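Visitor: Encoded as C-alpha cells, here's the structure I'll be asking about.
The values are calculated or read from the model by the stated rules, or taken from the named source; none is laboratory data. Keep in mind that this is a model prediction, so the values were computed, not measured. Positions of Cβ are generated from backbone atoms using ideal geometry, with glycine treated the same way; all protein chains shown enter the neighbour counts. In case anyone asks, the SASA skips ligands and DNA or RNA and just uses the protein heavy atoms, side chains included. Shrake-Rupley method; radii C 1.70, N 1.55, O 1.52, S 1.80 Å.
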Amino acid sequence: MLDVAAPRALYFDKFSLDLARGCLRAGDQDIELRPKTFEVLKYLAANAGRLVTKRDLYEAVWPNVIVSDDSIAQCIRELRGKLADDNHSLIKTVSRRGYLLDATVTTSALQAPVTAATPAHEGQQAELAPQVPNSGPIHAPRTWAAVLTILFSIVWGATFLLGGTSLNGPHHGLGEQQTVFQDCETCPEMVVLPAGDFMMGSPASEVGRVDVEGLPRRVVIPKRIAIGKFEVTVEQMSIFMTETGMTIGGSCRRLVNPERSPPTWSAPEASLEHPGFEITGSHPAVCVSWHEAQSYVAWLQRRTGKPYRLPSEAEWEYAARAGTAGRYSFGNDENTLCAYARFADLNSQFGWHDACHSELVAYGAAPVGSLKPNAWGVFDMHGNVWEWVEDCWTPNPLEIPVDGSAFSRPGNCEIAVMRGGSFSSSSLMVRSAIRSPMRTAQHFFNTGLRVALTLDD
C-alpha cells in the first residue's frame, strides 16, 4: 500500500491525483470530483492492484458515519464517467465484495511507464541477440527503483515474451502412481506431484540460455503439491466472471502482422472473448493480467475451501521438467517439439518460425491438452500461452528461494514473472528454464495461467 500522506500526487494511467489541491487531473486539465468521490479514488489508488472491500471504503471515506451501498456505487459511477472507464477495465467490480483499481500507481510523473503501444521487441534487440527471435513485448518498470532492479531484464526480456534436473529416490517418474483430482465439476483438474528436489536453471552450454535463468542449483520442494493438468480454460474463466461480475481481459493487445519481424501491436482492442483467433471453451484463457489471475485463484479458494494459488517459479519449473535435465521435458531436440508444444513452428505465420512442422494449421493457441503431456501427465508446459507465476520479478536468479517458495518484494508487485512461452514463441523461448518479466496490470493475447495447490502431508 502506498503512503498517501507523503507524496503530493499519485499518477496512474493518463491521470494524476493532486493530493495537495484535492483534485483529479488529465494532463493539464482539472477534472472536477465531489469530495467523497475524490477520497474514494484516493483510497483505491493507494491500494492499486488489490481488492478493496466496501467495509474498507466505509472506514476510510465515511468513518463513524452510517451510509448505504448506494453512496459507494454513486462514487464509483462518477469515477468511471470521469475516467472514461465505460468497460470497467480500470475500476473493476468484484461482485458482492468490493472494487479493484487495475493500474500501477506511482508518486512521480517521471516514473510514468513506457506504454504497451510501443513495446520493445525483436527488431529493437536484433543487434544484442540476433540468434534469439522474439515473439512479444517486454514491459518496462514504472519506478526508478524498479529500473535499477530490472534494467538488465529489459535488454534480454524483449526476446522472450512471444517468443533442477533430477529428483531424489523413486520420484524420478510418476508413471502409474500419478494421481489426478478435481475439487468441483468446473474446477481445474490437478495432478499430484511428490515432494523432492531438482536443479533449477540452465547450464552454460544450453542453446538459447540467458543469464537470468541462472546456472543450475539445487531447489527443494518440501511438500507434495498439485499443479493444474491444463492451463485455465476460457470456460473456467467465464464461470468465474459470471459468478463474481468481474470483467477479465480489458485493454488487451495482439499482433497485427505476425508474418513480419519485427511485428507491430494492435491498439488495446482484444479481449478474453475475442483474442484475435478463434476460441472454444476448451482453449486457454488469455488476455489475463497477473492481478486478474490472483483474483481467479482467490475465488477458487472461496469456492473449494482449499488454498489454491499461482505456482511459484520453482514449482512451475519442477513440474515442467518432470524429472528431466534437458532443454525440454522430453530432451534437447527441437525437431521433436511439435509433438509436445504449440509454438511458432515452421507451419506458423510468424516471421521467426523455426524447428519442426506441426499438424496445427490454425493461428492462435490450441485447445488445452491437444498435444502430448510430459512424463508427469502435465500438458502444455512448453508453449501455448505464457503462464503467470506467483513471484515478483528479479533479474538475479540467485534471489529465487531454494525452498520452493515465491520471490516477493515489499509493497506492490509491479513486475511479475511468466513462464513457458506461447504459441507465438520460437523454440528457444519455450524451454523449461525460460523466464520473462511482465507488468502485473498488462493484458496480452498470449498470456494466461495455471493454478497450484499445496497438499497436506
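Visitor: Could you work out how far apart the two model spin labels at S408 and D56 are, taking each label as a point 7 Å from the Cα in the direction of the beta carbon, and quote it in nm?
Guide: Using points 7 Å along Cα→Cβ, the separation is 1.5 nm.
Visitor: If you place +1 on the Cβ of every Lys and Arg, -1 on the Cβ of every Asp and Glu, and leave all else neutral, what size is the dipole of the stretch 312-433 about its Cα centre, to the nearest 20 Debye?
Guide: 220 debye
Visitor: At 0.36 nm per residue, minus the direct Cα-Cα distance, what do H274 and E189 gain on full extension? Give it in nm, one decimal, please.
Guide: Result for the pair: 28.1 nm of gain on full extension.
Visitor: Suppose each label sits 7 Å from its Cα in the direction of the beta carbon; what would the Q182-A20 distance come out to in nanometres?
Guide: 5.9 nm
Visitor: Turning to a different aspect of this structure: For the stretch 24-94, go through all pairs of different Cα atoms, get the mean of 1/r, take its inverse, and jot down that Kirkwood value in Å.
Guide: So the Kirkwood estimate lands at 12.7 Å.
Visitor: Restricting the calculation to Cα positions, tell me the Rg (one decimal) and the Dmax (whole number) of the stretch 411-457 in Å.
Guide: Rg, Dmax (Cα atoms, Å): 13.2, 39.
Visitor: Run the simple label-point estimate for T242 and N87 please: 7 Å along Cα→C-beta, distance reported in nm.
Guide: With each label point 7 Å from Cα toward Cβ, the separation is 2.2 nm.
Visitor: Could I ask something else about it? Using 0.36 nm per residue of separation minus the Cα-Cα distance, give me the extension gain between R218 and A267 in nm, one decimal.
Guide: Difference between extended and current length: 13.3 nm.
Visitor: Which three extents, in angstrom, do the Cα atoms of the stretch 274-429 have along their principal axes, listed largest first?
Guide: 44, 36, 29
Visitor: How large is the accessible surface of Y43 in square angstrom, using a 1.4 angstrom probe and rounding to the nearest 10?
Guide: 50 Å²
Visitor: On full extension of the chain, what length is gained from D333 through H357, given 0.36 nm per residue of separation minus the C-alpha to C-alpha distance?
Guide: Gain on stretching D333 to H357: 7.3 nm.
Visitor: Quote the accessible area belonging to H88 in square angstrom, nearest 10, computed with a 1.4 Å probe and with ligands, DNA and RNA left uncounted.
Guide: Its accessible surface works out to 70 Å², give or take rounding.
Visitor: Next up: Can you list the HN-Hα couplings for the stretch 98-103, worked out from phi with the Karplus curve (6.51, -1.76, 1.60; θ = phi - 60°), rounded to whole Hz and with x for Gly and Pro?
Guide: Each residue's phi maps through the Karplus curve to give x, 9, 9, 8, 8, 7 Hz.
Visitor: Take the alpha-carbon centre of the stretch 393-443, take the same for the stretch 22-79, and report the distance between them in whole Å.
Guide: So the two Cα centres are separated by 33 Å.
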